[in-house]
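Note sheet for the following structure.
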Amino acid sequence: MTDTRMDTAEGRLGDSNSHAEAPILEVNNLVMNYELKGGGMVSAVEGVNFNLPRGSSMGLVGESGCGKTSIALTLIQLAAGNARVLDGEVLLDGIDLLKLDEEEMRQRRWTDVSMVFQGAMNSWNPVYTVGEQIRETMDIHWDPKPTAAEARAKTEELFNLVGINPEMIDRYPHEFSGGMKQRAVIAMALACDPKLIIADEPTTALDVIVQEQILEELKKIQHELGMSIIYISHDIAVIAEITDLIGVMYAGKLVEQGPTAEVFKRPRHPYTWLILSSTPSITGDRRQLAPLKGEPPNLLDPPPGCRFHPRCPYATEKCMQEEPPLAEVEPGHSIACWHPESVPVTLAGSTE
Amino acid sequence: MLKFIAKRLVQMAFLFFLFLSLVFFLLQAQPGDITSQFLDPTIPAEVQALLLERLGLDGSIWSQWWAYVTNFFTGNLGVSFSQYPKEVIDVIAERIPRTLFLFTFATIFAYGLGFVLGKRLAWRRGGFGEASITVSGVLLYTIFYPWFAILMILLFSSSLGWFPISGFLTPEFWRGAPFTGNEVFGQLLLSFTISAAFIIGGLILASRSEERPQQRMFRRAGYIVAALAFVLFWALRTEMRPFAVDIIHHTVLPVITLTLIAFAGTMLLTRSSMLETLKEDYILTARAKGVPDKDIRDHHAARNALLPVVTSFILGLAFIIGGGVVTETVFGWPGIGSLLLQATVIEDVPLATGALGFIGILALMAHLLVDILYSVLDPRVRVQTGN
């Protein structure tokens with residue numbers, strides 16, 4: 001335990017020079033299924049690859065049930081009891097998390113990867129104060145354990161960082177508003193200086209104004225502390241606002257990934273193109289929105305070939321039979337599609 | 001908190017007034033009165049009238065009711081018909097510690113055992129062990145209680161001879177004893193109270209301390225000091241000791257029986273409440289935080305699962321009345337439950353009213369205790385009480 005903490009400290013110090021090239025997180029060919037009672041497998045994550053460079057943020061976006069949260073839970077090994085990782089590696093700072101045993105993984109949670117969960121409202125245990133719950137993470141992971149004064153000082157520092165009055169430390173969760181709970185969750189995620197934060201729908205339960213404030217806060221913290229963050233959201237606007245990189249998921253697969261700005265400017269995969277076409281833009285041209293028709297496939301029996309072909313306007317014979325690999329179309333921008341040139345430069349829907 | 005308790009006490013006084021009035025009229029409504037049961041019919045009518053006047057039974061029912069209720073609050077409960085001229089309050093004062101003793105122990109054991117087992121059952125769901133304990137729990141929960149109590153007596157007292165068949169002490173052994181049963185009993189209660197105070201003190205210190213090892217130290221110190229205090233207490237009372245042992249020997253079987261009957265309900269409730277709690281988001285958060293499994297179970301899940309169990313305790317208080325009568329009758333335990341039954345059967349109206357009144361007081365006090373406990377356990381309630 002002590003050794004890994006030392007490594008961490010060195011890794012941080014060397015961040016700007018020697019280690020700068022090695023990504024903080026490498027996910028290689030991750031395959032995860034849910035086993036069903038009475039046989040059958042739901043293919044939740046299918047051959048996902050991505051790298052997250054140190055100090056940058058990446059967004060995973062996709063419809064409900066496309067495997068975003070499954071990836072997150074697999075990274076910290078807290079997927080449901082019937083989840084089976086069939087293949088792949090998850091290298092966090094060079095260590096394969098999937099090979100650790102339960103106790104090793106437990107010690108790495110929150111120090112290596114911490115999480116901001118979907119629905120922070122319910123992330124707090126109602127019978128303990130927020131301060132006690134934050135302190136619990138320090139008691140478990142700090143070496144040596146913090147004294148009461150140290151823990152309090154750190155919590156106050158974190159509260160100031162996320163914009164909560166430090167006097168709230170001794171209050172119970174039900175005395176916090178929704179936005180404050182979410183801020184406090186972010187403060188808790190930072191309590192052990194994790195290498196990576198996974199934020200799973202961090203603002204979904206909040207109204208748009210609070211959502212905006214929280215996103216600003218996260219962006220600020222990420223830049224100030226040089227954090228590496230993975231955002232998971234179904235809301236592509238949220239992802240567009242705060243991430244450096246984006247990964248678009250469809251039916252358990254990564255179909256397009258690249259720098260966020262580039263993907264938004266020129267989506268290459270028909271699915272990305274269609275979801276962007278169904279999203280209104282405030283600054284762009286006024287146009288009739290083009291809704292994305294159909295439903296995501298049943299993952300118990302995914303369609304052969306490209307999983308998107310039943311809904312794709314450009315699908316051909318080949319798409320129904322062969323699975324397209326993820327291939328670069330520009331440096332750093334790749335898609336999994338047999339017809340990378342078919343997507344128009346402008347979004348779908350008639351302009352007014 | 002003090003304001004909350006004061007408010008509750010006022011509410012309780014009003015509630016008790018209603019309860020007592022109801023009890024009074026219910027017992028008046030049953031057929032027969034003192035003239036039919038206790039007065040010799042050959043006594044001349046003038047003498048009878050004089051007796052009724054002296055007992056305060058000559059006025060209208062409303063004036064009798066008002067006199068009774070106001071007297072109750074001053075501690076005057078009248079004279080028992082069947083144990084004339086003993087005062088009702090004295091009869092009850094003799095009986096009430098025995099009932100309290102029996103039920104306090106049975107309640108602590110039943111809820112303690114039920115909670116610990118329920119928590120573990122939910123944690124290790126599935127498997128033969130869980131299924132068999134759950135099934136035996138349901139069996140004990142639904143069994144006809146008097147029959148089960150008789151079965152226990154048959155097995156452990158008649159066949160095995162481990163425990164006395166009934167009663168609260170062995171009369172032959174106490175013949176010519178230098179102490180009365182209640183004196184010894186009082187000392188027993190005193191010693192248990194002292195021990196309990198040390199245990200509670202240790203737990204309070206533990207809950208106030210910051211470090212885990214320190215908490216454990218305070219808890220253990222509490223248990224050890226409590227045990228030492230108990231041993232020392234009885235080491236100094238060499239003459240009384242054998243009599244105390246006799247009373248405890250009589251207590252074991254009723255307590256075990258009551259515990260077996262009552263723990264299952266708590267266990268099943270804790271189990272389902274725990275299973276609900278384990279689905280909560282904050283349990284997933286605790287796992288993600290790297291909280292060790294045992295702490296997730298005990299600090300995060302069980303602490304929340306405890307709340308409905310405490311609520312069920314309030315609802316279960318009715319058992320003290322019903323269960324008290326049955327238990328004390330079956331085990332020949334001379335407490336307030338068996339007193340109530342005797343008094344009702346022989347139509348000793350003052351005694352029956354007084355006994356029911358005191359059972360009501362016990363239930364209300366337990367209620368208050370649970371309310372305070374609940375507000376300590378659940379911060380969401382604490383704020384609403386205007387703290």
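The values are calculated or read from the model by the stated rules, or taken from the named source; none is laboratory data. Keep in mind that what you see is a predicted model, and the values were worked out from it rather than measured. Please note: Cβ atoms are built from the backbone with ideal geometry, for glycine as well, and neighbour counts cover all protein chains shown. Note: accessible area is taken over every heavy atom of the protein model, side chains too, but ligands, DNA and RNA are not part of it. Shrake-Rupley method; radii C 1.70, N 1.55, O 1.52, S 1.80 Å.
The Cα atoms of the range B:1-124 give a gyration tensor whose axes a ≥ b ≥ c have a/c of 1.5 or more with a/b greater than b/c, which makes the shape prolate. Each Lys and Arg contributes +1 and each Asp and Glu -1, all at the Cβ; summed about the Cα centre of chain B, the dipole is approximately 2120 debye. B:Met1 contributes an accessible area of around 80 Å² to the protein surface, as traced by a 1.4 Å probe with all chains present.
How many angstrom separate the Cα center of the range B:282-340 from the Cα center of the range A:19-57? Computed from Cα coordinates, the inter-centre distance equals 45 Å. When peptides B:142-149, A:308-315 are ranked by their average number of other Cβ atoms within 10 Å per residue, the highest-first order is A:308-315, B:142-149. Among A:Ser70, A:Ser228, A:Leu158, pick out the residue whose Cα is farthest towards the positive end of the charge dipole of chain A, where Lys and Arg carry +1 and Asp and Glu carry -1 on C-beta, about the Cα centre. Value computed over the given set: A:Ser70.
Give, rounded to the nearest 20 debye, the magnitude of the charge dipole that the range B:186-311 has about its Cα centre when Lys and Arg contribute +1 at Cβ and Asp and Glu contribute -1 at Cβ.
Dipole about the Cα centre, nearest 20: 220 debye.
Full extension of the segment from B:Ser166 to B:Leu377, taken as 0.36 nm per residue of separation minus the current Cα-Cα distance, would add 72.0 nm. For the residues of A:139-146, the average number of beta carbons from a partner chain within 10 Å of their own beta carbon is 2. Solvent-accessible surface of the protein assembly as shown, taken per residue with a 1.4 Å probe and all protein chains present: 48 Å².
The separation of the range A:294-318 from the range A:132-179, counted between C-alpha centres, amounts to 48 Å. Protein heavy-atom surface of the range B:214-307, 1.4 angstrom probe: 64% of the accessible area is carbon and sulfur, with nucleic acids and ligands not counted. Maximal additional length on extending the B:Met217-B:Val231 stretch stands at 2.9 nm, based on 0.36 nm per residue less the C-alpha distance. Looking at the square roots a ≥ b ≥ c of the eigenvalues of the Cα gyration tensor of the range B:217-297, which shape do they give, rounded for a/c under 1.5, prolate if a/b is larger than b/c, or oblate? Here the range B:217-297 falls in the oblate category. Taking the inverse of the mean reciprocal distance over all distinct Cα pairs, the Kirkwood hydrodynamic radius of the protein assembly as shown comes to 31.6 Å.
Checking the a/c ratio against 1.5 first, then a/b against b/c, what shape does the Cα gyration tensor give for chain B? Judged from the Cα gyration tensor, chain B comes out prolate (a/c at least 1.5, a/b above b/c). Only protein heavy atoms count here, probed at 1.4 Å, and on that basis chains A and B bury about 2300 Å² of accessible area in total. Other protein chain C-beta atoms within 10 Å of residue C-beta, averaged over A:102-108: 2. For the set B:Glu211, A:Glu295, A:Glu150, solvent exposure ranked by accessible area (probe 1.4 Å, protein chains only) runs largest to smallest as A:Glu295, A:Glu150, B:Glu211. Per residue of A:123-135, other chain Cβ atoms within 10 Å of the residue Cβ number 4 on average. Over chain A, the hull volume per residue, using the convex hull of the C-alpha atoms, is 149 Å³.
To the nearest ten degrees, helix A:208-225 and the longest principal axis of the Cα atoms of chain A are 70 degrees apart.
Here B:Leu155 and B:Lys294 are evaluated by their C-beta separation; at R0 = 41 Å the FRET efficiency comes out at 0.65.
Going from the chain on its own to the full set of protein chains, the range A:151-188 has these residues losing 10 Å² or more of accessible surface (heavy atoms, 1.4 Å probe, no ligands, DNA or RNA): A:Tyr172, A:His174, A:Glu175, A:Met188.
Would you mind telling me the share, in percent, of accessible area of chain A contributed by carbon and sulfur at probe 1.4 angstrom?
52 percent
In the protein assembly as shown, a dipole from Cβ-located charges (positive for Lys and Arg, negative for Asp and Glu) runs towards its positive end, and of B:Gly56, B:Leu307, A:Val85 it is B:Gly56 whose Cα lies farthest in that direction.
If both residues of a DSSP beta bridge must be in the range A:2-265, then about 55% of such bridges are antiparallel. Checking the cross-link pairs A:Lys37/B:Lys279; A:Lys68/A:Lys195; A:Lys37/A:Lys318; A:Lys154/A:Lys195 against a 29 Å limit on the alpha carbon distance flags A:Lys37/A:Lys318 as lying beyond it. The protection proxy used here, the mean number of other Cβ atoms lying within 10 Å of each residue, ranks peptides A:124-131, A:182-189 as follows, highest first: A:182-189, A:124-131.
Dividing the helix sum by the residues of chain B, where each DSSP H run of 4 or more adds -39500 (n - 2.57), gives a mean residue ellipticity at 222 nm of -25000 deg cm²/dmol. Using r as the Cβ-Cβ distance of B:Thr193 and B:Glu46, and R0 as 56 Å, what FRET efficiency do you calculate, to the nearest 0.05? Between B:Thr193 and B:Glu46 the formula returns 0.60.
Normalised by residue count, the range A:236-293 yields a Cα convex hull volume of 86 Å³ per residue. Checking the cross-link pairs A:Lys99/A:Lys145; A:Lys181/B:Lys119; A:Lys219/B:Lys289; A:Lys181/A:Lys220; B:Lys119/B:Lys294; A:Lys181/B:Lys289 against a 20 Å limit on the alpha carbon distance flags A:Lys99/A:Lys145; A:Lys181/B:Lys119; A:Lys219/B:Lys289 as lying beyond it. Comparing B:Ala343, B:Ala363, B:Ala235 in a Gaussian network model of chain B (Cα springs below 10 Å), the most mobile by mean-square fluctuation is B:Ala235. With the charge dipole of the range A:2-265 set up from +1 on Lys and Arg Cβ and -1 on Asp and Glu Cβ about the Cα centre, the Cα lying farthest toward the positive end among the listed residues A:Gly39, A:Leu97, A:Met180 is that of A:Gly39.
With no solvent and one equal point scatterer placed on each C-alpha of the range B:306-359, evaluate the Debye formula and give log10 I(q)/I(0) for q = 0.18, 0.22, 0.27, 0.28 Å⁻¹, two decimals. Values, matching the q order: -0.60, -0.77, -0.97, -1.01. Computed about the Cα centre, the dipole magnitude for the range A:40-157 is approximately 220 debye when only Lys and Arg (+1) and Asp and Glu (-1) carry charge, each at its Cβ. Taking the helices alone, chain A has a mean residue ellipticity at 222 nm of -9000 deg cm²/dmol, built from -39,500 (n - 2.57) per DSSP H run of at least 4 residues and averaged over all its residues.
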